[in-house]
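Colleague: Before we start, here is the structure in question, set down as structure tokens.
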Number of protein chains: 2
Amino acid sequence: MANSQGTARYRQLAAALRADVLAGVYGEGGRLPSEEALAETHGVSRGTVRQALALLRAEGVVTSRRGTRRVVLEQPRVQSFAELSSFTRWARSLGEEPGGSVVASEWRAADAVEADRLRLAPGARVLWVLRLRTLGGEPVMVERTVYPEAVGALVDSLPPDTVSVTEGLEAHGILLADADHTLDLAFADPDDARLLTCPAGTPLLRERRRTSDPTGLPVEWSEDRYRAGTVAFTVHNSLASTALTRMRDTSDQEQSR
Amino acid sequence: MANSQGTARYRQLAAALRADVLAGVYGEGGRLPSEEALAETHGVSRGTVRQALALLRAEGVVTSRRGTRRVVLEQPRVQSFAELSSFTRWARSLGEEPGGSVVASEWRAADAVEADRLRLAPGARVLWVLRLRTLGGEPVMVERTVYPEAVGALVDSLPPDTVSVTEGLEAHGILLADADHTLDLAFADPDDARLLTCPAGTPLLRERRRTSDPTGLPVEWSEDRYRAGTVAFTVHNSLASTALTRMRDTSDQEQSR
DNA sequence: AAGTGGTCTAGACCACGAG
DNA sequence: TCGTGGTCTAGACCACTTC
């Protein structure tokens, strides 16, 4: 039987189990009931239980090994994809007050890197936006985002004081489904320095991100630069599911922008 | 029917499909055959096909949407967990020549942070090791690793010129299954500066990592500092599987070591 | 309306861990 | 040896996309 509306059974179950784990019902290092038992308790088949547990496994909430009950891992800080893709939602989930303002915005031709990342022809019309992001009033990040023409038109039509662009896009039916992030170091250029109120040349944590919609079509390509000490990125990976990659840096250093 | 020995059918299938995709059989943006068709072609059930496709989905190789065939995403650079957990294997997979040497090593009492990360009592005996890692002879990373007593004993018994500690541990039956990584910025202390031949205070990309065995028992806690421009970390995440987390930096800055 | 992926079930056998 | 998770099957219905 499938679900009638929004949330699948296995997601509900995963949420329930996650809550139990976080509430310490099994204790750190404790053992979950067997799949069989969970199936019985929750009135679903073992297959559905396994789907739920696979989620928790990927999140690093529990282990899994043949022959042994699943063990509770360290309390994880799990964030939803939505919170990851949106600075605003992330900040809110932390209880911080997000702020943001558009510093500059212009239509222009995509350079080689941008065209490649957005899967457009070189020279295609794109909207480039420079934003300053704040947390509790403090400037923490400079964001340079490029949108393909269709998306850019929507972004351009949003009120200039829109805090969450993501939510603005969603309201127009543009959903985000996939993101690739690359993390490394960069140094503050004059714009960064001015906006973040730090000397030029200050080292910053750089996140370059390409986000796509459910079709696989790129929706944005962004380079975000965080002041040191304001954020850290964490990744969980396991034999079962690998999402992190470490790569040799062949960076098209600064000159590309 | 289960498999008789090592590799599950769905993993073989995933590997085959991944190879096809990378070989450009479907073309970027192309569409995969339907699950039904794949099941038929490969002589397995739809369930098995779906397991294989779930792997590729998590890797960011293909999309998936109800109602439409799966679409090939950008060529991904997928790394195995083994390559992520071992500097040596990572380097080899890139065709680079990894090097490494133990600079210092000592048994000592775990400080608060170390005990917490390794899930030990404060003051427990741990082995602390300082290593310099090189790539093609160039120093690229300084690694400070702490091992719980049992693991440390093994590490201590390895020949001092052992290039891959991970492989040494595996030879003794210690397997790695899970890792949590935290990425942010740090600044070179005098040791870093000397080893990496850069001025003290140079910004470095810092990776703090806790690796666990299949039981969930922490095996190592490490702080690695990379010279800027030598590596970048990439993460893929999606609505389906989220592994990346962005968190507020509450760093126990430098003084903890 | 037809095709496709998403969800769910019920049952089977296997491989591994622990007693 | 027994309990547990890992793998696989066969079939069902649903929700969404596309025509």
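The values are calculated or read from the model by the stated rules, or taken from the named source; none is laboratory data. Note that the structure is predicted; figures quoted are calculated from it, not measured. A quick note on method: Cβ atoms are made from the backbone with ideal geometry, for glycine too, and the neighbour counts reach across all protein chains shown. The area values use the complete protein model at the heavy-atom level, side chains included, leaving out ligands, DNA and RNA. Shrake-Rupley method; radii C 1.70, N 1.55, O 1.52, S 1.80 Å.
Colleague: Where in the stretch B:1-97 are there helices (runs of 4 or more DSSP H), lying wholly inside it, with at least 1 residues that are within 16 Å of DNA strand C (Cβ to nearest atom) and open to solvent by 50 Å² or more (accessible area, probe 1.4 Å)?
Modeller: Answer list for the stretch B:1-97: B:9-22, B:35-42, B:46-59.
Colleague: Considering only the stretch B:182-203, I want to know if a residue exists there that is of a type outside the set (A, V, I, L, M, F, W, C), touching a strand residue (DSSP E or B) at 6+ places or on another chain (Cβ under 8 Å) and within 24 Å of B:Leu120 (Cα to Cα).
Modeller: Yes - at least one qualifying residue is present in the stretch B:182-203.
Colleague: I need every pair where a residue in the stretch B:149-165 that is modelled with pLDDT of 90 or more has its Cβ under 7 Å from the Cβ of a residue that is among the β-branched types (Val, Ile, Thr) and part of a helix (DSSP H, G or I), sequence separation at least 6 or different chains.
Modeller: Note: pairs meeting the criteria are B:Val155/B:Val165.
Colleague: How many of the residues making up the stretch B:183-192 are over 29 Å from B:Glu149 (Cα atoms) and either touching a residue at least 24 places away in the same chain (Cβ under 8 Å) or open to solvent by less than 10 Å² (accessible area, probe 1.4 Å) (or both)?
Modeller: Residues flagged as over 29 Å from B:Glu149 (Cα atoms) and either touching a residue at least 24 places away in the same chain (Cβ under 8 Å) or open to solvent by less than 10 Å² (accessible area, probe 1.4 Å) (or both) within the stretch B:183-192 amount to 1.
Colleague: Since B:Ala104 meets every condition but one in (1) part of a helix (DSSP H, G or I); (2) over 28 Å from A:Arg210 (Cα atoms); (3) small (Gly, Ala, Ser), which condition does it not meet?
Modeller: (1)
Colleague: Please state which of the following conditions A:Glu106 fails to meet, knowing it meets all the rest: (1) within 14 Å of chain B (Cβ to nearest Cβ); (2) farther than 30 Å from A:Leu17 by Cβ; (3) open to solvent by 50 Å² or more (accessible area, probe 1.4 Å).
Modeller: All conditions pass for A:Glu106, except number (1).
Colleague: So, in the stretch A:207-231, how many residues would count as being free of Cβ contacts under 8 Å to residues at least 24 places away in the same chain and open to solvent by less than 30 Å² (accessible area, probe 1.4 Å)?
Modeller: Total meeting the criteria: 0.
Colleague: Could you please tell me which pairs satisfy a Cβ distance under 7 Å, a separation of 6+ or placement on different chains, a first residue in the stretch A:41-56 that is free of Cβ contacts under 8 Å to residues at least 40 places away in the same chain and more than 12 Å from chain B (Cβ to nearest Cβ), and a second residue that is open to solvent by less than 60 Å² (accessible area, probe 1.4 Å) and more than 11 Å from DNA strand D (Cβ to nearest atom)?
Modeller: Close Cβ pairs (under 7 Å, with a partner that is open to solvent by less than 60 Å² (accessible area, probe 1.4 Å) and more than 11 Å from DNA strand D (Cβ to nearest atom)) amount to A:His42/A:Leu13; A:Val44/A:Leu13; A:Thr48/A:Tyr10; A:Thr48/A:Leu13; A:Val49/A:Leu13.
Colleague: Kindly list the number of the only condition in (1) within 11 Å of chain B (Cβ to nearest Cβ); (2) open to solvent by 30 Å² or more (accessible area, probe 1.4 Å) that fails for A:Gly137.
Modeller: (1)
Colleague: Further question on the same structure: If you go through the stretch B:165-182 one residue at a time, how many are open to solvent by less than 50 Å² (accessible area, probe 1.4 Å) and facing chain A (nearest Cβ under 9 Å)?
Modeller: Of the residues in the stretch B:165-182, 6 are open to solvent by less than 50 Å² (accessible area, probe 1.4 Å) and facing chain A (nearest Cβ under 9 Å).
Colleague: Test of understanding: among B:Gly67, B:Gly24, B:Gly29, which residue is at pLDDT 90 or above, over 24 Å from the mean Cα position of the chain (by Cα) and not assigned by TED's automatic domain parsing to the domain that holds B:Ser93?
Modeller: Just a single option satisfies the conditions, and that option is B:Gly67.
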